[in-house]
Amino acid sequence: DGGITQSPKYLFRKEGQNVTLSCEQNLNHDAMYWYRQDPGQGLRLIYYSQIVNDFQKGDIAEGYSVSREKKESFPLTVTSAQKNPTAFYLCASSMARHLYGYTFGSGTRLTVV
Amino acid sequence: AQKVTQAQTEISVVEKEDVTLDCVYETRDTTYYLFWYKQPPSGELVFLIRRNSFDEQNEISGRYSWNFQKSTSSFNFTITASQVVDSAVYFCALVIQGAQKLVFGQGTRLTINP
């Protein structure tokens, strides 16, 4: 079955460490997105990518980095520059024209310890 | 610019009650699509419905129904005879033709009490 796989489901990070969240899709979707969700809050866009080797900053890109070397993969790195990284991170993908909406992964819950 | 407003932050009802979640959108484009997603406690957003701007026909799917009214820029979602399993956060979203991404509302947390 086609879908989006995010791993790991839970991630613990020590302060000062970089961590990378994985997002892989086998839907042949062109576009991919990363969202952050804090408890009781909505979705905030971190980065998105329309095509391979290209990506754009979203609303809260500071302290995060991404790469898009393959169509299927869009990993997100949470760097030590991100002051409050504890949150729920959702990856999504869509066809190029977005008119059919997004397919979401199951999310990664990141906690700084 | 596009905007989606879900004014109801939280709703709590007793099981079997009907409940309506409001969604108001703003866009100057004539061609656009509206969506509803459900986010259960597990976290993944699940697609519920997609509606294009040229189709104002209401839709019913089991206990779920959607009322799209262009005159009031609203796309409201009603759950009839609510069940505990309907407890979730519900997001309304909008995309216009040629846009690079969806615009989401802030979500409505729905709690169905037994």
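General remarks:
- Taking region B:75-105 and a reference point 7 angstrom along Cα→Cβ of B:Ser12, the backbone N atoms nearer than 16 Å belong to B:84, B:87-89.
- Pair B:Ser74, A:Ser73: separation of 7 Å Cα→Cβ label points (nm): 4.8 nm
- Region A:2-40 and region B:1-74: distance between their alpha carbon centers, rounded to Å: 26 Å
- Within the accessible area of chain B (1.4 Å probe), percent carbon and sulfur: 47 percent
- Relative to the Cα centre, the charge distribution of the protein assembly as shown, modelled as +1 at Lys and Arg Cβ and -1 at Asp and Glu Cβ, gives a dipole magnitude of about 480 debye.
- For A:Lys83, the lysines whose Cα falls under 16 Å of its own Cα, not counting residues fewer than eight places away in the same chain, are A:Lys14.
- Of B:Ser42, B:Ser82, B:Ser73, the one that fluctuates the most in a GNM where chain B has Cα springs shorter than 10 Å: B:Ser42
- Net +/- balance of residues flanking A:Tyr33 in space, Cβ distance below 13 Å, scoring K and R +1, D and E -1: +3
- Sum of side-chain charges, B:Val85 neighbourhood, beta-carbon under 14 Å (Lys, Arg +1; Asp, Glu -1): +1
- Inter-label distance, B:Gln97 to A:Asn26: 3.6 nm, where each label sits 7 Å from its Cα along the C-beta direction.
- Max mean-square fluctuation residue, GNM over chain A, Cα-Cα springs under 10 Å, options A:Phe12, A:Phe88, A:Phe74: A:Phe12
- Comparing B:Lys38, B:Lys70, B:Lys101 in a Gaussian network model of chain B (Cα springs below 10 Å), the most mobile by mean-square fluctuation is B:Lys101.
- Taking a straight Cα-Cα cut-off under 24 Å and skipping sequence neighbours fewer than 8 places away in the same chain, the lysines within cross-link reach of B:Lys16 are B:Lys38.
- Candidate lysines for bridging to B:Lys70, where Cα separation is under 18 Å - those fewer than 8 sequence places away on the same chain excluded: B:Lys3
The values are calculated or read from the model by the stated rules, or taken from the named source; none is laboratory data. Predicted model only: the values in this text are computed from it and were never measured. Please note: Cβ atoms are built from the backbone with ideal geometry, for glycine as well, and neighbour counts cover all protein chains shown. Heads up: the accessible areas ignore ligands, DNA and RNA and are worked out on the full protein's heavy atoms, side chains in. Shrake-Rupley method; radii C 1.70, N 1.55, O 1.52, S 1.80 Å.
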